[in-house]
Amino acid sequence: MSSVKQKSLLSWILQFAEEKKTTYALSIFLALLSVACGLAPYLLIADIVQKLLGGVYDWNVYLHECSIIALFWLGNVVFHGLSTAASHAATFTVLGNIRKRLCDKLVRVPLGTVLSMPSGSLKNILVERIDSMETTLAHIVPEYTSNIVLPVAMFVYLFTIDWRMGLASLATLPVGLVAVCLMLVRSKGRFSYAVQKTKVLNDTAVEYINGIEVIKAFGKSKSSYEKFVIAAKEGSDCYVEWMRDCIWFHAFATVVAPSTLLSVLPAGGILFLHGMISAVDFITVIILSMSIIQPFLIAFSYHDDLAKAGVIFGEVGGILGMSELDRPEHDCQTPKDNSIVLKDVQFSYKNSGESDGKAEKSQDRRQILHGINLAFPQGSYTALVGPSGSGKSTIARLIASLWDTDAGSIEIGGVNIKNLSLQEYNRRVAYVNQDNFLFDMSIRENIRLGRPEASDADVEEIAKKSGCYDFIMELENGFDTIVGGSGTHLSGGERQRIAIARAMMKDAPIVILDEATAYTDPENEAIIQESVAKLVQGKTLIVIAHRLSTISDADNIVVIKDGLVAEQGTHAELLAQNGLYKAMWNAHISAKDGEAA
């Protein structure tokens with residue numbers, strides 16, 4: 001990943017510019033024309049002065065020269081506008097490509113890696129941080145180039161007039177550069193620190209908003225809000241301190257560097273008095289020297305923007321450099337059926353997220369599965385049960401290919417899933433958990449996500465089969481009801497039933513339900529269980545449940561404890577063993593009796 005971060009800004013731009021590379025080239029060319037048109041009037045003014053000193057008093061001559069100056073000024077404005085328009089068009093493509101590439105990458109990265117990243121930081125990178133590069137990329141490519149190249153050419157021209165006056169016109173530039181260097185030294189690390197504080201602020205804001213219900217319920221609004229206030233103050237203070245450290249050096253550089261007359265006038269005066277330079281050349285140098293430094297200052301003003309863009313591209317490179325699920329682009333083998341076999345599967349959660357290529361310490365990993373061996377025959381109904389934290393949901397997520405195993409293998413139809421493309425694997429597996437996400441669009445479109453080509457009639461039919469048709473029709477707009485962000489306009493049980501309908505619409509041969517009825521009441525749960533039983537006929541079904549009564553008819557019940565298979569068998573067989581399952585069943589029955597009482 002480090003090699004990714006060390007790429008130059010130009011390399012990053014070219015990587016994401018794709019078909020817009022020629023547009024950037026056109027923008028640079030137009031910018032060069034713009035700056036040339038901006039400098040040309042100074043040459044014409046010098047020519048006017050020469051003619052005045054040479055005794056030319058024809059009004060038409062000067063009117064002609066002034067007309068040309070006006071045309072150059074117009075050219076400066078027009079070419080600058082065209083250059084900016086072209087660079088903006090290319091930049092928006094670059095920013096769009098960056099976001100697309102990041103989203104595509106996150107889909108291929110193991111879920112655990114994504115979850116280890118604070119949502120505020122991810123949102124900040126994908127939205128604000130990338131968006132903040134728009135001005136930099138749109139202006140820096142054409143303007144930085146043109147504002148360096150043409151002033152250098154003008155300096156060369158000054159040296160052809162008189163090399164001593166050329167040096168004199170450069171005298172204030174080193175002084176300004178020293179101030180700039182001091183500013184850069186003082187600001188070293190400031191932007192990275194500001195980025196860090198901004199991330200903390202974003203994460204705190206997201207945490208505060210997501211947890212506001214809990215905060216209000218427990219009367220912790222003051223203490224929780226104080227945390228956000230502190231993060232906001234630190235976020236602003238770091239920028240204020242950064243500016244305070246640099247403002248005087250920046251002001252000194254921008255005042256002294258363009259003041260070329262401080263050196264040009266004394267040097268030129270001495271040379272003129274000694275007859276070493278003509279009056280015409282002296283005046284020409286005075287005029288041209290005032291036009292050269294400003295483009296350099298404009299170019300140097302982009303330094304901070306370059307540093308910011310470098311940091312942001314470093315973050316982008318950090319995400320793009322993350323390890324992906326080990327899957328081929330195309331299937332290496334074809335499974336013979338939809339059976340599933342787990343062979344000595346081991347898995348650990350990474351407490352500190354991605355290791356970034358460095359060796360991970362043992363304390364950075366939490367072992368969950370210690371060698372799971374299981375078989376799920378095609379068309380079978382298997383239930384995974386066990387205490388909280390035992391690893392049953394982890395098994396489901398590994399089968400759903402949301403993570404890769406640390407050791408061991410998972411096979412479908414006799415083929416290791418690492419030899420199947422993600423596209424083919426996702427076609428085979430439908431996964432529903434207790435924290436399902438609905439998109440902010442209609443119920444109809446949320447269900448249709450399972451099969452985009454499905455008709456409205458197909459959507460309504462699957463809603464009837466999954467037991468959610470009646471409550472949908474009771475809503476004001478029926479299937480066209482907008483569910484809100486994350487489905488917030490619906491209850492938890494309603495969201496879950498829509499998610500199950502979406503999974504059923506997918507019609508995958510393997511169905512995994514991870515506490516899929518957790519948010520439903522007993523009456524609706526019975527309806528859903530009956531509907532699911534009809535919809536998964538002939539499919540390989542894996543169900544994870546805490547309510548043991550809902551899975552008592554499973555073909556095989558697997559009891560997971562401490563990351564190992566403790567028991568397995570049918571409901572009757574497990575009760576006869578007098579083991580952990582029977583204890584769990586007795587506790588479940590007691591709890592139901594207590595609810596009934």
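In nm, to one decimal, how far is the Asp344 label point from the Leu115 one, both placed 7 Å along Cα→Cβ?
2.7 nm
Given R₀ = 35 Å, FRET efficiency for Glu18-Glu476 by Cβ-Cβ distance, to 0.05?
The formula returns an efficiency of 0.20 here.
Within the set of other residues whose C-beta is less than 11 Å from the C-beta of Leu575, count the net charge using Lys and Arg as +1 and Asp and Glu as -1.
Local net charge: -1.
If DNA, RNA and ligands are ignored and the probe is 1.4 Å, what is the ranking of Ser34, Ser393 by accessible area, most exposed first?
Ser393, Ser34
From largest accessible area down, sort Val459, Val311; use a 1.4 Å probe on the protein chains.
Largest accessible area first, the list is Val311, Val459.
Show me the chymotrypsin sites (Phe, Trp or Tyr not before Pro) within the range 256-349 that DSSP assigns to loop and that have at most 12 other Cβ atoms within 10 Å of their Cβ.
none
In terms of modelled amide H atoms, which long-range or inter-chain residues lie less than 5 Å from the amide H of His546?
Residues meeting the criterion, in which the H sits 1.01 Å from N, do not exist here.
If Ile68, Ile312 are ordered by their accessible area, calculated over protein heavy atoms with a 1.4 Å probe, which sequence runs from highest to lowest?
The most accessible residue leads, giving Ile68, Ile312.
Just to confirm a number: summing +1 for Lys and Arg and -1 for Asp and Glu over residues other than Leu122 whose beta-carbon lies under 12 angstrom from that of Leu122, what do you get?
Taking every Cβ under 12 Å from that of Leu122, the sum is +2.
Loop only by DSSP, 15 or fewer other Cβ within 10 Å of the Cβ. Give me the chymotrypsin sites (Phe, Trp or Tyr not before Pro) in the range 20-99 that pass, ordered by residue number.
Hits after loop and neighbour filter: Tyr57.
Could you grab the relative contact order for the chain? Cα pairs under 8 Å, six or more apart, rounded to a whole percent.
Value for the chain: 14 percent.
In the chain, what % of DSSP beta bridges are antiparallel (nearest 5)?
Details: 22 of 40 bridges.
Looking only at bridges with both residues in the chain, the antiparallel portion is about 55 percent.
Roughly what would the spin-label model give for Arg244 and Ala232, points 7 Å off Cα along C-beta, in nm?
The answer from the label model is 2.1 nm.
How much accessible surface area, in Å² rounded to 10, belongs to the heavy atoms of Ile510 with a 1.4 Å probe?
Accessible area, nearest 10 Å²: 0 Å².
Given +1 on the Cβ of Lys and Arg, -1 on the Cβ of Asp and Glu, and no further charges, what dipole in debye does the chain carry about its Cα centre, rounded to the nearest 20? Intermediate results must be reported in sequence, preceding the final value.
Working: 53 positive and 64 negative charges, 282 e Å.
Dipole size: approximately 1360 debye.
Mind grabbing the accessible area of Arg366 for me, 1.4 Å probe, Å², rounded to tens?
120 Å²
What is the percent carbon and sulfur in the accessible area of the range 534-594, measuring with a 1.4 Å probe over the protein chains and ignoring ligands?
The C+S portion of the solvent-accessible surface of the range 534-594 is 50 percent.
How much accessible area does Phe191 have with a 1.4 Å probe, in Å² rounded to the nearest 10?
Using a 1.4 Å probe on the heavy atoms, I get roughly 20 Å².
Quote to one decimal, in nm, the extra length available between Val311 and Leu44 on full extension: 0.36 nm per residue of separation minus the C-alpha distance between them.
Gain on stretching Val311 to Leu44: 91.8 nm.
Take the Cβ-Cβ distance between Glu445 and Ser323 as r, set R0 to 35 Å, and report the resulting FRET efficiency rounded to the nearest 0.05.
It comes to 0.55.
Return the calculated 222 nm mean residue ellipticity for the chain, to the nearest 500 deg cm²/dmol, obtained by summing -39500 (n - 2.57) across DSSP H runs with n ≥ 4 and dividing by the residue count. Before the final figure, lay out the partial values.
Details: 25 runs with 359 residues, N = 597.
Taken over the chain, the calculation gives -19500 deg cm²/dmol.
What is the gain in length, in nm to one decimal, between Asp104 and Glu65 on full extension, counting 0.36 nm per residue of separation less the C-alpha to C-alpha distance?
8.3 nm is the gain from fully extending Asp104 to Glu65.
How large is the accessible surface per residue of the chain, computed with a 1.4 Å probe and reported in Å² as a whole number?
I get 50 Å² per residue for the chain.
Counting only other residues whose beta carbon sits under 12 Å from that of Val345, what net charge do I get with K and R as +1, D and E as -1? Before the final figure, lay out each step's value.
Values: positive: Lys343, Arg397; negative: Asp344, Asp404, Asp406, Glu411.
With Lys, Arg at +1 and Asp, Glu at -1, the net is -2.
Size of the range 392-488 along its principal axes in angstrom, Cα-based, largest extent first?
51, 26, 21
Leaving out ligands, DNA and RNA, what percent of the accessible area of the range 102-179 is carbon and sulfur, probe 1.4 Å? Can you show the working numbers first?
Numbers: 2340 of 3240 Å².
Carbon-and-sulfur percentage of accessible area, whole number: 72.
Using amide H atoms built in the peptide plane, which far-off residues or other-chain residues are under 5 Å from Ser348 H to H?
For Ser348, whose amide H was placed from the backbone, the distant partners under 5 Å are Ile368, Asp406.
Taking only the alpha carbons of the chain, what extent do you get along each of the three principal axes, in Å, biggest first?
Dimensions of the chain along the principal axes of its Cα atoms: 118, 52, 51 Å.
Note down the nm distance, to one decimal, between modelled labels 7 Å out along Cα→Cβ at Ile212 and at His330.
Output for this residue pair reads 5.2 nm.
The chain: longest stretch without exposed GluC sites (Glu not before Pro) (DSSP loop, at most 16 other Cβ within 10 Å), sites themselves excluded? Numbers along the way, then the final one.
On the way: sites that count: Glu324, Glu329, Glu360, Glu453, Glu476.
Value returned for the longest uninterrupted segment is 1-323.
Would you pull out the residues with amide H under 5 Å of Glu567's amide H, same chain only if 5 or more places away, H placed 1.01 Å from N?
Val559
Taking 0.36 nm per intervening residue step and subtracting the Cα-Cα distance, what contour gain separates Asn373 from Tyr157 on full extension? The partial results should precede the final answer.
Details: separation 216, 0.36 × 216 = 77.76 nm, distance 8.03 nm.
Gain on stretching Asn373 to Tyr157: 69.7 nm.
Give the angle, between 0 and 90 degrees and rounded to the nearest 10, that separates the Cα long axis of helix 221-256 from the longest principal axis of the Cα atoms of the chain.
20 degrees
Can you divide the C-alpha Rg of the range 1-77 by 2.2 N^0.38 Å and report the result to two decimal places?
Expressed relative to 2.2 N^0.38 Å, the Cα Rg reads 1.85.
The values are calculated or read from the model by the stated rules, or taken from the named source; none is laboratory data. Being a predicted model, the structure only gives us computed values, none of them experimental. Backbone-built Cβ (ideal geometry, glycine too); neighbour counts: all protein chains shown. Heavy atoms of the whole protein, side chains included, go into the accessibility calculation; ligands, DNA and RNA do not. Shrake-Rupley method; radii C 1.70, N 1.55, O 1.52, S 1.80 Å.
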